[in-house]
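Everything below concerns the one structure shown next.
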Amino acid sequence: MRFVTRAAAASLSFSAVTCVLGVLGVLGVACGSSGGGGDAFDAGPTPDGGSIDDGAPATDAGESDASTYPAFKPDIGLIVKGPGPVLTAPKIVTIVWTADPSYKTYEAFCDGIGKSAYWKTALTEYGVGPAVSGGHVEITDPPPASFDVATANDEILAFVKKGVLGAPQNAWPVPDDQTFYLLIIPETVAINNNGKDDCANNVGYHVEAAIGSHPHVAYGIVAEKCHDYLPNLVDNTTETASHEIGETATDPHTETDNGWLGFDPDHYAFELWQNQQDETADACEFFDDSYYKDPELGAWVQRLWSNAAAKAGKNPCLPAPDEAYFNVTPLSTEPITTTGTTGKVHHTRGFHVPVGTQKTINVGFYSDRPTADWTLEPMELDGLAAPKTSHVTFRVDQPIGNNGKTAKVTISVTAAPAFGTQLLVTLVSSRSKTQQHYLPILIETG
Ligand SMILES: [Zn+2]
C-alpha cells in the first residue's frame, strides 16, 4: 500500500451545478489511488478509537452564546494513532540527480524544513521532534527515461534497495530507525505502471520496505513530471515534499505498523470525504488554503491536519492562515450502520434517513473569532467530486449565519445509493469560491 499525495485540489464551487461540472470535468481524471481506492480503508488497520476520549458531539440544538468562540463544539473527525511509531528525531536524506537544475534548492529545503516554525507548529502535537538533514545523495549519472512502479517489478523500490544495500560505500547513508530517504525524480523521468503513464497516482508518495538487515526502511518520492497543482515546478515539488515528509514523520511504518492514520470510527464520513486518503497531510490536501509560500523556508509547503485545532474549532490545517476560521457542525448525530461499495458494515455516526423520507437536523455555525457572515449550502459530494446523479435534496431555513446561529437543514433522500446504504453529504460553508470550509456527514438510507 502506498500513499498518494494530493490527487487533486477540490476547488469546490459555490453552486451545486457548477460543482458537478467543475469537479468532475477538471479533477475526475486525477482522482485515484494505487492503494486500492475504496477498499483501502476497509483493508487497513483498525483505528484505535480509545485515543478519542473527548470528541463527544454536542447535543444542544438551541442558539448558543455568540460571544464565545467557537459557539458550538465542532463534531469533527480526528485522526487516530495506530500502534506504530512516529519519527521522534527524523533524518531526511535527499536523493537527487545533478541533471536536475533545481537539485540544490531541494537539498536546502529538505535540510531546513525540520528546524522551521512550520515543522514545529504542524508536528509537535504528534510527538515528532525537530528533523535534521540525513545527508544528500547526488547522482551524477543521467536519470533513467522512466521508472515503472508496477507492484511485481517496482523499479523505484529496486533503486532504493540497491542504494541501501550498497551503503555506505556508494555514498548512501546507512539507515536507522529515524531515516527517511526522499527521492526527487527529475522532470524528464516518466512514471509508468506496466509501461503506461501513471503520473496521476504518483505525484508523490511515501512507503516502507524491508531491505537487507533493515526491516523498516522509510522512503518516498516526488515525481517532478507528475506535478499537478502549483504551476511552478519547484513550488509544486517542495509542496509535495512537505506533504510526504510530514506524513512519514507521523506514519513511517506504512506497511507493518501504522502511526497516525485514519479518522475515528464515529466519523467514517471523513474517510469517505477523503477518498480514504487519511494521513496527516492527506486530511488537508483538498483545501485551497492549505498551500502557501512559507516565509521562513522561502518555499511552498502544505499545511498538515491538527486534531487539537480541529477540536478547538480552529482551522484544522496548520500552520493556520492568519484569518478567521468558520464552519458549521451538526448538533446531534445518531448512531448509524451503513454499507458501501465493498459491502463492509460500518458502525459510525450520522443520520438515518430511509429512501423516500426526510429528516430535519440542527446545524450550528461557529468561528474562532469575529468574522463576517457566511453561507451554508449542503451538497452531495466528497472531497473530489459529486455523483453524476443525485440521491438527496436539501432545504435550509437560515442559510446565512454567523458564530452562535443555528439552521435547520431538511435532508430528503430521493433515491437509493447505487451500492450499499450510505450517502455522503457535505455541509459547505462559503464566502466565495476560494473561501470555503467543509463538514461531511453520513446518511444511512437503509
Ligand atoms: Zn499523503
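The values are calculated or read from the model by the stated rules, or taken from the named source; none is laboratory data. All of these numbers come straight from a predicted model, not from anything done at the bench. FYI the Cβ positions are ideal-geometry reconstructions off the backbone, even for glycines, and counts take in every protein chain you see.
Name the residue, out of His253, His243, that is more than 12 Å from the ligand (Cβ to nearest atom), modelled with pLDDT of 95 or more and of a type outside the set (Ser, Thr, Tyr). First the steps, then the outcome.
Working: His243 fails: more than 12 Å from the ligand (Cβ to nearest atom).
So the residue among His253, His243 that is more than 12 Å from the ligand (Cβ to nearest atom), modelled with pLDDT of 95 or more and of a type outside the set (Ser, Thr, Tyr) is His253.
Taking (1) of a type outside the set (Val, Ile, Thr); (2) touching a strand residue (DSSP E or B) at 6+ places or on another chain (Cβ under 7 Å); (3) over 19 Å from Phe270 (Cα atoms) in turn, Gln422 satisfies each apart from (3).
Give the number of residues within the stretch 242-291 that are aliphatic (A, V, I, L, M) and part of a strand (DSSP E or B).
Within the stretch 242-291, the subset aliphatic (A, V, I, L, M) is 245, 249, 261, 269, 272, 281, 283.
With the extra rule that they be part of a strand (DSSP E or B), the set shrinks to 261.
So the count comes out to 1.
Among residues of the stretch 233-253 that are of a type in the set (Gly, Ala, Ser), those with a Cβ under 7 angstrom from a residue that is away from the ligand (no atom under 12 Å from the Cβ) and part of a loop (DSSP other than H, G, I, E, B), sequence gap 6+ or separate chain, pair up as Ala249/Val86; Ala249/Leu87; Ala249/Pro90; Ala249/Val128; Ala249/Ala131. Among the residues of this structure, Glu107 does not count as one that is more than 16 Å from the ligand (Cβ to nearest atom), touching a residue at least 40 places away in the same chain (Cβ under 8 Å) and out of contact with any Phe, Trp or Tyr (no Cβ under 6 Å at 6 or more places or on another chain).
For (1) modelled with pLDDT under 95; (2) surrounded by fewer than 16 Cβ atoms within 10 Å (Cβ to Cβ); (3) in a loop (DSSP other than H, G, I, E, B), each residue gets a yes or a no:
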{"residue": "Phe351", "(1), (2), (3)": "no, no, no"}
{"residue": "Gly356", "(1), (2), (3)": "no, yes, yes"}
{"residue": "Ile361", "(1), (2), (3)": "no, no, no"}
{"residue": "Phe365", "(1), (2), (3)": "no, no, no"}
{"residue": "Pro370", "(1), (2), (3)": "no, yes, yes"}
{"residue": "Pro378", "(1), (2), (3)": "no, no, no"}
{"residue": "Gly383", "(1), (2), (3)": "yes, no, yes"}
{"residue": "Ala386", "(1), (2), (3)": "yes, no, yes"}
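Scanning the stretch 200-212 for residues that are within 16 Å of the ligand (Cβ to nearest atom) and farther than 10 Å from His253 by Cα turns up Ala200, Asn201, Asn202, Val203, Gly204, Tyr205. Restricting attention to the stretch 45-83, the residues that are buried (at least 19 other Cβ atoms within 10 Å of the Cβ), modelled with pLDDT of 50 or more and not charged (D, E, K, R) add up to 12.
Leu297 satisfies every condition listed in (1) hydrophobic (A, V, I, L, M, F, W, C); (2) crowded, with 24+ Cβ neighbours inside 10 Å; (3) within 30 Å of Ser133 (Cα to Cα) except (2). Looking only at the stretch 388-408, residues that are more than 12 Å from Ser429 (Cβ to Cβ) and surrounded by fewer than 17 Cβ atoms within 10 Å (Cβ to Cβ) come to 8 in all.
Taking Phe147, is it crowded, with 19+ Cβ neighbours inside 10 Å and under 23 Å from Glu279 (Cα atoms)? So Phe147 fails the test.
The residue pairs whose first member lies in the stretch 273-287 and is within 18 Å of Val301 (Cβ to Cβ) and more than 10 Å from the ligand (Cβ to nearest atom), whose second member is among the acidic types (Asp, Glu) and at pLDDT 95 or above, and whose beta carbons are closer than 6 Å, counting only pairs six or more residues apart or on different chains, do not exist in this structure.
Within the stretch 98-144, the only residue that satisfies the criterion of being surrounded by fewer than 19 Cβ atoms within 10 Å (Cβ to Cβ), of a type in the set (D, E, K, R) and assigned to a loop (DSSP other than H, G, I, E, B) is Asp141. Considering only residues in the stretch 388-405 that are part of a loop (DSSP other than H, G, I, E, B) and charged (D, E, K, R), the one that is nearest to Pro330 (Cα to Cα) turns out to be Lys405. The set of residues in the stretch 228-260 being of a type in the set (A, V, I, L, M, F, W, C) and surrounded by fewer than 24 Cβ atoms within 10 Å (Cβ to Cβ) consists of Leu230, Leu233, Val234. Ala218 - would you say it is within 15 Å of the ligand (Cβ to nearest atom) and either surrounded by 23 or more Cβ atoms within 10 Å (Cβ to Cβ) or free of Cβ contacts under 8 Å to residues at least 12 places away in the same chain (or both)? Yes.
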